1. Under 20 Å from a point placed 7 Å out from the Cα of ALA85 along the Cα-to-Cβ direction: which residues of the stretch 17-40 have their backbone N that close?
2. Given Cα pairs under 8 Å that are at least 6 residues apart, what percent is the relative contact order of the chain?
3. Would you mind calculating the gained length between TYR136 and HIS149 on full extension (0.36 nm times residue separation, minus the Cα-Cα distance), in nm to one decimal?
4. Suppose each label sits 7 Å from its Cα in the direction of the beta carbon; what would the ARG258-SER235 distance come out to in nanometres?
5. Suppose only helical runs count, i.e. DSSP H with n ≥ 4. What mean residue ellipticity at 222 nm does that imply for the chain under -39500 (n - 2.57) per run, divided by all residues and rounded to the nearest 500 deg cm²/dmol?
6. Quick check: residue separation of GLN25 and THR9 times 0.36 nm, minus the Cα distance between them. What number comes out in nm?
7. Running a GNM on the chain with Cα contacts under 10 Å, which residue among SER54, SER244, SER64 ends up with the highest mean-square fluctuation?
8. Provide the gained length on full extension for the span THR267 to ASP105, in nm with one decimal, where the gain is 0.36 nm per separating residue minus the Cα-Cα distance.
Amino acid sequence: MIGRETQKTPLDVLAVLKAGIALTQADLYQFNLSGLELQRANLHQAILIRANLSKADLSAADLSGADLRAADLSHAILTDANLQAACMYRVDLSGADLRGANLTDTKLLGARYDSQTLFPEGFNYKSSGAIGPNAYLNGAQLNTANLRHADLQGASMLGAYLGGADLTRANLQGARLSQADLRKAWLPGVCLRNARLNGANLAGADLRAADLTGVEFEQLESIAGADFTHVQGLSEEMRSRLLSQPAQELDTPHALTRRTTRASLET
(Lines give C-alpha, C1' and ligand atoms only; values in the text may rest on other atoms or scores of the structure.)
Protein backbone atom coordinates (compact mmCIF):
# COMPACT_ATOMS: atom_id res chain seq x y z
CA MET A 1 0.00 0.00 0.00
CA ILE A 2 1.33 3.38 -1.03
CA GLY A 3 -0.13 6.04 1.23
CA ARG A 4 0.00 9.73 1.92
CA GLU A 5 3.21 9.27 3.89
CA THR A 6 5.13 8.53 0.68
CA GLN A 7 3.12 10.50 -1.86
CA LYS A 8 3.09 14.11 -0.76
CA THR A 9 1.67 15.97 -3.74
CA PRO A 10 -0.76 15.41 -6.61
CA LEU A 11 2.19 15.51 -9.02
CA ASP A 12 3.80 12.69 -7.05
CA VAL A 13 0.60 10.70 -7.39
CA LEU A 14 0.44 11.42 -11.12
CA ALA A 15 4.06 10.35 -11.64
CA VAL A 16 3.49 7.07 -9.81
CA LEU A 17 0.36 6.29 -11.81
CA LYS A 18 2.01 7.22 -15.10
CA ALA A 19 4.78 4.76 -14.23
CA GLY A 20 2.15 2.04 -14.06
CA ILE A 21 2.42 1.61 -10.30
CA ALA A 22 -0.82 0.75 -8.55
CA LEU A 23 -2.05 2.94 -5.73
CA THR A 24 -4.20 0.19 -4.27
CA GLN A 25 -5.62 1.30 -0.91
CA ALA A 26 -3.67 4.57 -1.14
CA ASP A 27 -4.73 7.36 1.22
CA LEU A 28 -5.56 10.31 -1.05
CA TYR A 29 -7.97 12.05 1.31
CA GLN A 30 -8.84 15.55 0.02
CA PHE A 31 -6.17 15.40 -2.69
CA ASN A 32 -6.59 17.86 -5.56
CA LEU A 33 -6.29 15.82 -8.75
CA SER A 34 -8.45 18.15 -10.81
CA GLY A 35 -7.86 18.06 -14.55
CA LEU A 36 -5.13 15.38 -14.41
CA GLU A 37 -4.81 12.63 -17.01
CA LEU A 38 -5.35 9.47 -15.00
CA GLN A 39 -6.36 7.06 -17.75
CA ARG A 40 -6.12 3.40 -16.71
CA ALA A 41 -4.94 4.40 -13.23
CA ASN A 42 -5.10 1.60 -10.67
CA LEU A 43 -6.83 3.10 -7.63
CA HIS A 44 -8.46 -0.07 -6.39
CA GLN A 45 -9.81 0.51 -2.85
CA ALA A 46 -8.08 3.89 -2.67
CA ILE A 47 -9.28 6.42 -0.12
CA LEU A 48 -10.45 9.43 -2.12
CA ILE A 49 -12.83 10.99 0.39
CA ARG A 50 -13.51 14.64 -0.53
CA ALA A 51 -10.89 14.46 -3.29
CA ASN A 52 -11.13 16.94 -6.16
CA LEU A 53 -11.27 14.95 -9.38
CA SER A 54 -13.21 17.50 -11.39
CA LYS A 55 -12.37 17.40 -15.11
CA ALA A 56 -9.91 14.54 -14.51
CA ASP A 57 -9.60 11.90 -17.23
CA LEU A 58 -10.19 8.58 -15.46
CA SER A 59 -11.20 6.61 -18.53
CA ALA A 60 -10.67 2.87 -18.03
CA ALA A 61 -9.35 3.54 -14.52
CA ASP A 62 -9.76 0.92 -11.79
CA LEU A 63 -11.70 2.56 -8.94
CA SER A 64 -13.32 -0.64 -7.76
CA GLY A 65 -13.98 -0.59 -4.04
CA ALA A 66 -12.66 2.99 -3.78
CA ASP A 67 -14.01 5.30 -1.09
CA LEU A 68 -15.09 8.41 -2.99
CA ARG A 69 -17.47 9.89 -0.43
CA ALA A 70 -18.17 13.58 -1.12
CA ALA A 71 -15.57 13.67 -3.91
CA ASP A 72 -15.90 16.16 -6.75
CA LEU A 73 -16.17 14.28 -10.05
CA SER A 74 -17.93 17.07 -11.91
CA HIS A 75 -17.13 16.97 -15.64
CA ALA A 76 -14.77 14.03 -15.06
CA ILE A 77 -14.26 11.46 -17.83
CA LEU A 78 -15.07 8.02 -16.43
CA THR A 79 -15.75 6.14 -19.64
CA ASP A 80 -15.15 2.41 -19.24
CA ALA A 81 -13.95 2.96 -15.65
CA ASN A 82 -14.36 0.16 -13.12
CA LEU A 83 -16.42 1.56 -10.24
CA GLN A 84 -17.70 -1.78 -8.99
CA ALA A 85 -18.59 -1.60 -5.27
CA ALA A 86 -17.17 1.94 -5.03
CA CYS A 87 -18.64 4.15 -2.32
CA MET A 88 -19.86 7.30 -4.05
CA TYR A 89 -22.14 8.77 -1.41
CA ARG A 90 -22.71 12.51 -1.98
CA VAL A 91 -20.33 12.60 -4.96
CA ASP A 92 -20.77 15.43 -7.47
CA LEU A 93 -21.29 13.85 -10.89
CA SER A 94 -22.52 16.98 -12.65
CA GLY A 95 -21.50 16.79 -16.29
CA ALA A 96 -19.52 13.58 -15.75
CA ASP A 97 -19.20 11.00 -18.55
CA LEU A 98 -19.78 7.49 -17.20
CA ARG A 99 -20.57 5.75 -20.48
CA GLY A 100 -19.39 2.15 -20.41
CA ALA A 101 -18.46 2.33 -16.72
CA ASN A 102 -18.99 -0.67 -14.46
CA LEU A 103 -21.43 0.46 -11.77
CA THR A 104 -22.21 -2.96 -10.33
CA ASP A 105 -22.95 -2.58 -6.60
CA THR A 106 -21.76 1.04 -6.72
CA LYS A 107 -23.22 3.05 -3.83
CA LEU A 108 -24.68 6.27 -5.23
CA LEU A 109 -26.90 7.42 -2.37
CA GLY A 110 -26.98 11.22 -2.34
CA ALA A 111 -24.72 11.60 -5.37
CA ARG A 112 -25.55 14.64 -7.50
CA TYR A 113 -26.05 14.50 -11.27
CA ASP A 114 -27.54 16.88 -13.79
CA SER A 115 -28.94 16.89 -17.31
CA GLN A 116 -25.40 16.76 -18.74
CA THR A 117 -24.33 13.63 -16.82
CA LEU A 118 -23.94 10.59 -19.08
CA PHE A 119 -24.62 7.19 -17.51
CA PRO A 120 -23.94 3.72 -18.94
CA GLU A 121 -26.58 2.50 -21.36
CA GLY A 122 -29.33 0.66 -19.50
CA PHE A 123 -28.24 1.81 -16.04
CA ASN A 124 -31.27 2.80 -13.93
CA TYR A 125 -29.75 5.93 -12.41
CA LYS A 126 -33.17 7.37 -11.58
CA SER A 127 -33.68 4.71 -8.91
CA SER A 128 -30.06 4.53 -7.73
CA GLY A 129 -30.52 6.94 -4.81
CA ALA A 130 -28.68 9.66 -6.73
CA ILE A 131 -30.13 13.16 -6.84
CA GLY A 132 -30.94 14.82 -10.14
CA PRO A 133 -33.57 15.38 -12.84
CA ASN A 134 -36.42 12.84 -12.79
CA ALA A 135 -34.87 10.98 -9.86
CA TYR A 136 -37.05 8.56 -7.91
CA LEU A 137 -36.67 9.74 -4.32
CA ASN A 138 -39.97 8.78 -2.73
CA GLY A 139 -39.54 8.66 1.04
CA ALA A 140 -35.86 9.60 0.77
CA GLN A 141 -34.09 10.68 3.96
CA LEU A 142 -32.65 14.04 2.95
CA ASN A 143 -32.96 15.96 6.20
CA THR A 144 -30.44 18.86 6.36
CA ALA A 145 -28.99 17.85 2.97
CA ASN A 146 -27.05 20.44 0.99
CA LEU A 147 -29.05 20.66 -2.24
CA ARG A 148 -28.21 24.24 -3.19
CA HIS A 149 -28.74 24.77 -6.94
CA ALA A 150 -29.64 21.08 -7.37
CA ASP A 151 -31.45 20.15 -10.57
CA LEU A 152 -34.43 18.11 -9.39
CA GLN A 153 -36.70 18.94 -12.27
CA GLY A 154 -39.44 16.32 -12.57
CA ALA A 155 -38.16 14.34 -9.58
CA SER A 156 -40.56 12.11 -7.66
CA MET A 157 -40.16 12.98 -3.98
CA LEU A 158 -43.44 11.77 -2.51
CA GLY A 159 -43.18 11.70 1.27
CA ALA A 160 -39.49 12.65 1.16
CA TYR A 161 -37.90 13.94 4.35
CA LEU A 162 -36.37 17.33 3.56
CA GLY A 163 -36.55 18.97 6.96
CA GLY A 164 -33.84 21.61 7.29
CA ALA A 165 -32.49 20.85 3.81
CA ASP A 166 -30.85 23.69 1.89
CA LEU A 167 -32.61 23.94 -1.47
CA THR A 168 -31.61 27.52 -2.19
CA ARG A 169 -32.24 28.26 -5.90
CA ALA A 170 -32.80 24.57 -6.64
CA ASN A 171 -34.82 23.60 -9.69
CA LEU A 172 -37.88 21.65 -8.57
CA GLN A 173 -39.97 22.42 -11.61
CA GLY A 174 -42.61 19.74 -12.05
CA ALA A 175 -41.38 17.81 -9.00
CA ARG A 176 -43.84 15.66 -7.07
CA LEU A 177 -43.58 16.64 -3.41
CA SER A 178 -46.94 15.49 -2.08
CA GLN A 179 -46.76 14.59 1.63
CA ALA A 180 -43.10 15.73 1.71
CA ASP A 181 -41.66 17.01 4.99
CA LEU A 182 -40.19 20.46 4.25
CA ARG A 183 -40.20 21.79 7.79
CA LYS A 184 -37.57 24.51 8.26
CA ALA A 185 -36.24 23.87 4.76
CA TRP A 186 -34.29 26.65 3.04
CA LEU A 187 -36.04 27.43 -0.24
CA PRO A 188 -35.09 31.03 -1.19
CA GLY A 189 -35.35 31.52 -4.94
CA VAL A 190 -36.34 27.90 -5.52
CA CYS A 191 -38.22 27.08 -8.72
CA LEU A 192 -41.40 25.18 -7.86
CA ARG A 193 -43.19 25.81 -11.14
CA ASN A 194 -45.95 23.24 -11.65
CA ALA A 195 -44.73 21.24 -8.67
CA ARG A 196 -47.22 19.18 -6.66
CA LEU A 197 -47.26 19.97 -2.96
CA ASN A 198 -50.53 18.48 -1.77
CA GLY A 199 -50.26 17.50 1.89
CA ALA A 200 -46.69 18.79 2.24
CA ASN A 201 -45.51 20.28 5.53
CA LEU A 202 -44.01 23.76 5.03
CA ALA A 203 -43.85 24.79 8.69
CA GLY A 204 -40.93 27.15 9.23
CA ALA A 205 -39.80 26.96 5.60
CA ASP A 206 -38.04 29.92 4.00
CA LEU A 207 -39.73 30.48 0.64
CA ARG A 208 -38.64 34.05 0.02
CA ALA A 209 -38.62 34.91 -3.71
CA ALA A 210 -39.58 31.34 -4.64
CA ASP A 211 -41.32 30.77 -7.98
CA LEU A 212 -44.69 29.16 -7.22
CA THR A 213 -46.20 29.54 -10.68
CA GLY A 214 -48.70 26.75 -11.29
CA VAL A 215 -48.02 24.99 -7.98
CA GLU A 216 -50.66 22.35 -7.26
CA PHE A 217 -51.99 21.79 -3.76
CA GLU A 218 -55.44 21.17 -2.33
CA GLN A 219 -54.26 21.35 1.24
CA LEU A 220 -51.01 21.61 3.15
CA GLU A 221 -50.27 19.91 6.44
CA SER A 222 -48.91 23.15 7.92
CA ILE A 223 -47.50 26.53 6.90
CA ALA A 224 -46.89 27.74 10.46
CA GLY A 225 -43.96 30.15 10.40
CA ALA A 226 -43.32 29.78 6.65
CA ASP A 227 -42.04 32.97 5.01
CA PHE A 228 -43.54 33.68 1.56
CA THR A 229 -42.11 37.18 1.17
CA HIS A 230 -41.77 38.24 -2.50
CA VAL A 231 -42.86 34.87 -3.87
CA GLN A 232 -43.49 34.87 -7.61
CA GLY A 233 -46.38 33.39 -9.54
CA LEU A 234 -48.74 33.10 -6.57
CA SER A 235 -52.26 33.52 -7.90
CA GLU A 236 -54.86 35.27 -5.83
CA GLU A 237 -56.71 31.97 -5.53
CA MET A 238 -53.63 30.28 -4.08
CA ARG A 239 -52.94 33.24 -1.81
CA SER A 240 -56.51 33.11 -0.48
CA ARG A 241 -56.21 29.38 0.09
CA LEU A 242 -53.02 29.88 2.08
CA LEU A 243 -54.59 32.70 4.08
CA SER A 244 -57.46 30.37 4.97
CA GLN A 245 -55.10 28.20 7.05
CA PRO A 246 -55.66 28.30 10.85
CA ALA A 247 -54.87 31.65 12.47
CA GLN A 248 -52.39 30.00 14.80
CA GLU A 249 -50.29 28.96 11.80
CA LEU A 250 -50.60 32.31 10.04
CA ASP A 251 -49.53 34.27 13.10
CA THR A 252 -46.43 32.17 13.77
CA PRO A 253 -43.18 34.04 12.99
CA HIS A 254 -40.37 32.50 10.97
CA ALA A 255 -37.47 31.60 13.26
CA LEU A 256 -34.94 33.67 11.30
CA THR A 257 -36.82 36.50 9.59
CA ARG A 258 -39.32 36.94 12.45
CA ARG A 259 -41.98 37.75 9.85
CA THR A 260 -45.28 35.98 10.41
CA THR A 261 -46.69 33.82 7.69
CA ARG A 262 -49.70 36.13 7.41
CA ALA A 263 -47.52 39.23 7.00
CA SER A 264 -45.39 37.51 4.34
CA LEU A 265 -48.49 36.64 2.32
CA GLU A 266 -49.95 40.13 2.55
CA THR A 267 -46.89 41.97 1.24
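The values are calculated or read from the model by the stated rules, or taken from the named source; none is laboratory data. This structure is a prediction, so every number in the text was calculated from the model and none was measured. Ideal geometry is used to build each Cβ from the backbone, glycine not excepted, and the neighbour counts take in all protein chains shown. Just so you know, the surface numbers come from the protein's heavy atoms only, side chains and all, with ligands and any DNA or RNA stripped out. Shrake-Rupley method; radii C 1.70, N 1.55, O 1.52, S 1.80 Å.
1. Label zone hits: 22-28.
2. Contact order relative to length: 8 percent.
3. 2.9 nm
4. Label-label distance for ARG258 and SER235, simple model: 3.7 nm.
5. Numbers: 4 runs with 27 residues, N = 267.
The helix-only estimate for the chain comes to -2500 deg cm²/dmol at 222 nm.
6. Between GLN25 and THR9, full extension yields 4.1 nm more.
7. SER244
8. 53.2 nm
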